[in-house]
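In what follows, a structure is listed as structure tokens, so that the remarks can point back to it.
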Amino acid sequence: MKSQRTFGWIQNPANTLTLQRVVAILDSHSDVTQWLINERVPLLKDNGLLHDADKWNEYIELIQSGEPIPYSILKGKGSLTGKRKDAKCSGIVQAVIDAQKSMKIVVDGQEKIVHKPYTDDWTADGFLRWGISVGFIEYLFEDDACQISELGKRFIIAQGKDFNDVLGEAYLSYPPVCRILQLLSNGEHLTKFEIGRNLGFTSEAGFTSFPQNIWVQAYQENPDERLTIRNNYEGSSDKYARMICSWLAEIGWVSIVEKQVVERYGSKTYSCVITQAYMITALGKVNYKRAIGKSRIARIPKIVFFGMLSTKPADKDYLRLRRALIIKCAEKEYRTLDQIRDFLASKGLVETNETIKDDLQGLVNIGLNYSCTSGKYKLNDEILCLRIPMQDKSYIKGDTSVIKERIRTNLKCINQKYLVLVDLSLNGKANLEFEIQTMDLLTNELEFGGCHLGGSRRPDGVIYYDVNGLIIDNKAYSKGYALPRHQVDEMVRYLQENNERREDINPNKWWNEFNDNVSHFNFAFISSFFTGQFSIRLQEIKNRTGINGAVLDVENLLLVAEALKRGDLSYRDFFKLFDCNDSIAFRSDS
């Protein structure tokens with residue numbers, strides 16, 4: 001398969017004036033192009049800041065020709081040797097954007113300290129992807145090259161109100177903008193977390209949202225870490241929500257209004273102000289009606305790139321293909337789930353109706369508009385830019401998707417978003433997210449008492465119901481978890497601390513998160529799956545502490561959760577599962 005660039009989701013670029021400059025270099029007659037050729041490139045050359053300076057004569061000729069410019073030349077490269085920050089300018093877009101940091105260079109014969117007169121390839125790529133995703137730049141698939149669009153030509157000369165109007169027109173072609181306007185359209189005051197949990201394909205990695213009550217608890221109980229929590233404790237969808245709302249605030253469609261929130265988590269109630277919260281304006285409501293076709297102006301077609309349909313899973317190409325085919329199937333007429341399933345089967349994709357229904361909700365969550373009548377679905381939007389590459393061996397359903405499909409057919413009561421636990425459990429870099437989403441399932445969805453703990457010298461979480469309590473340790477591993485010796489010692493220490501409850505042994509007193517009436521305890525390790533002699537390790541913990549425990553893989557965790565939510569398993573019997581000192585193998589009756 002020819003490499004596909006993943007356009008569609010934007011997290012970092014926010015400066016629209018910089019975006020305007022980036023788009024303008026694709027117009028050979030623009031003022032920005034003339035400035036680049038006559039001033040910026042000579043300055044970089046004179047200071048020895050160009051990578052492969054001889055190539056830049058070719059770049060300038062290409063810019064002046066008005067022909068499409070290869071993406072690789074626009075974006076440039078990172079550092080070929082050494083650190084990214086030390087890389088020289090190697091791309092046209094890099095040369096248009098000043099970096100934040102300062103440096104000493106020679107300007108008009110004098111040495112001056114100025115903003116570094118070029119940026120890195122990662123930032124350049126972000127602005128290119130932004131311009132392409134909202135329709136200012138046309139991406140030529142066959143040539144892997146870019147040219148300015150008609151809307152882009154209007155954008156680069158727009159000023160004042162016209163500038164905002166053209167931006168607004170572009171944003172209405174970008175589905176996630178429409179989704180956020182929809183979520184805000186009834187006048188609700190929503191934080192980035194409240195928006196993020198309803199944005200994107202929420203049952204997979206790449207579209208996670210930090211549960212708001214867990215965030216508030218962490219923020220209030222860790223005053224020394226509040227800056228880190230504000231800056232870093234957010235999921236991918238929360239970032240998308242924050243970024244897009246900043247775009248809409250700039251053009252007056254959304255207001256940024258801090259929100260006082262009160263959240264109960266664990267045994268306590270917490271209150272704080274979340275500054276990243278949003279409300280729709282009157283102008284935003286008017287334009288939302290344009291987005292869904294409830295005005296005299298025709299609905300604006302939506303730009304949906306193939307890469308927008310999945311971002312992180314190992315089999316993301318397969319997921320993109322499946323969702324693209326669902327779009328194509330229901331693009332012109334109403335289709336039942338059975339008809340969509342048969343259409344996918346004709347293309348070699350064997351799927352269940354539950355999976356298709358989950359994908360349809362995901363398409364709504366990215367901002368597409370479907371009608372559903374008598375169990376039949378039809379896409380109301382005209383779709384642009386969705387090209388389905390030729391299928392090859394990369395379009396194979398991965399093991400993770402197979403596991404999710406097996407679980408999904410049994411989830412009737414549990415929110416499908418918790419299928420993301422399968423992805424997170426297999427990602428060794430997602431330990432915190434895995435902990436958070438596990439505790440979200442147990443405390444928010446299943447309404448156990450308890451909370452996420454994490455951090456130094458504390459378990460990852462505790463839950464309780466009536467007199468029963470459970471101490472939890474999460475481990476995300478792609479190749480399964482073998483329960484090594486040091487983790488045995490750590491769990492033994494937690495169990496002993498909980499039994500003795502002495503502040504001089506552990507001053508953080510994590511055991512206080514249990515209710516006073518909790519008197520019977522178990523422990524659990526939760527991971528993707530377990531390998532090695534874990535049962536021997538569990539028995540060792542039992543022998544050293546007198547307390548029983550178990551290991552629980554994510555598939556069984558979700559099946560147990562479904563049984564609890566459905567009422568097929570009592571909370572008392574839930575805790576009895578952890579008396580086995582082995583793995584819990586739970587199967588639904590459905």
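The values are calculated or read from the model by the stated rules, or taken from the named source; none is laboratory data. Computed from a prediction, not measured in an experiment: that's the story for all the values here. Every residue, glycine as well, gets a Cβ built from its backbone with ideal geometry; the counts of neighbours run over all protein chains shown. Remember, those area values only see protein heavy atoms, side chains included, never the ligands or the DNA or RNA. Shrake-Rupley method; radii C 1.70, N 1.55, O 1.52, S 1.80 Å.
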How charged is the neighbourhood of Lys565? Take every other residue with its Cβ under 11 Å from the Cβ of Lys565, and add Lys/Arg as +1 and Asp/Glu as -1. -2
Show that you can apply the helix-only estimate: for the chain, add -39,500 (n - 2.57) for every DSSP H stretch of four or more residues, divide by all residues, and state [θ] at 222 nm to the nearest 500. -12000 deg cm²/dmol
I'd like the accessible area for Asp98, computed on protein heavy atoms only with a 1.4 Å probe and all protein chains in place. Round to 10 Å², please. 80 Å²
Give me the dipole magnitude in Debye, nearest 20, for the chain about the Cα centre, with unit charges on the beta carbon: positive for Lys and Arg, negative for Asp and Glu. 660 debye
Cα gyration tensor shape of the chain, rounded if a/c is under 1.5, else prolate or oblate by comparing a/b with b/c: prolate
When we measure straight from the Cα of Lys576, which aspartates and glutamates land under 16 angstrom away, once same-chain ones fewer than 8 places off are left out? Asp466, Asp568
Can you pull the accessible area of Asp144 for me, 1.4 Å probe, Å² to the nearest 10? 40 Å²
In terms of solvent-accessible area of protein heavy atoms at a 1.4 angstrom probe, what is the ranking of Ser267, Ser519, Ser374, Ser203, highest value first? Ser374, Ser519, Ser267, Ser203
Just to verify a number: what accessible area does His452 come out at with the full protein assembly present, 1.4 Å probe, Å² rounded to tens? 20 Å²
For the Ile256, Asp504 Cβ pair and Förster radius 56 Å, calculated FRET efficiency rounded to 0.05 is 0.75
At what distance in angstrom do the alpha carbon centres of the range 122-143 and the range 1-77 lie from each other? 12 Å
In terms of solvent-accessible area of protein heavy atoms at a 1.4 angstrom probe, what is the ranking of Lys316, Lys116, highest value first? Lys316, Lys116
Length gain on complete extension for the stretch Asn232 to Ile383, per 0.36 nm per residue less the alpha carbon to alpha carbon distance? 50.9 nm
Taking only C-alpha pairs under 8 Å that are 6+ residues apart, what is the relative contact order of the range 61-149 in percent? 28 percent
Percentage relative contact order, the range 445-590, counting C-alpha pairs under 8 Å, at least six apart: 25 percent
Of the cross-linked pairs Lys77/Lys101; Lys347/Lys378; Lys192/Lys397; Lys316/Lys347; Lys397/Lys479, which ones have a Cα-Cα span greater than 25 Å in the structure shown? Lys192/Lys397
Tally Lys and Arg at +1 and Asp and Glu at -1 over the other residues with C-beta under 13 Å from the C-beta of Phe534: what net charge comes out? 0
Let me check against my output: what whole-number percent is the relative contact order of the chain, with C-alpha pairs under 8 Å and at least 6 apart? 10 percent
For a quick protection proxy, order the peptides 150-159, 414-423 by their average other-Cβ count within 10 Å, most packed first. 414-423, 150-159
Sort Phe201, Phe534 from largest to smallest accessible area, using a 1.4 Å probe on the heavy atoms of the protein chains. Phe534, Phe201
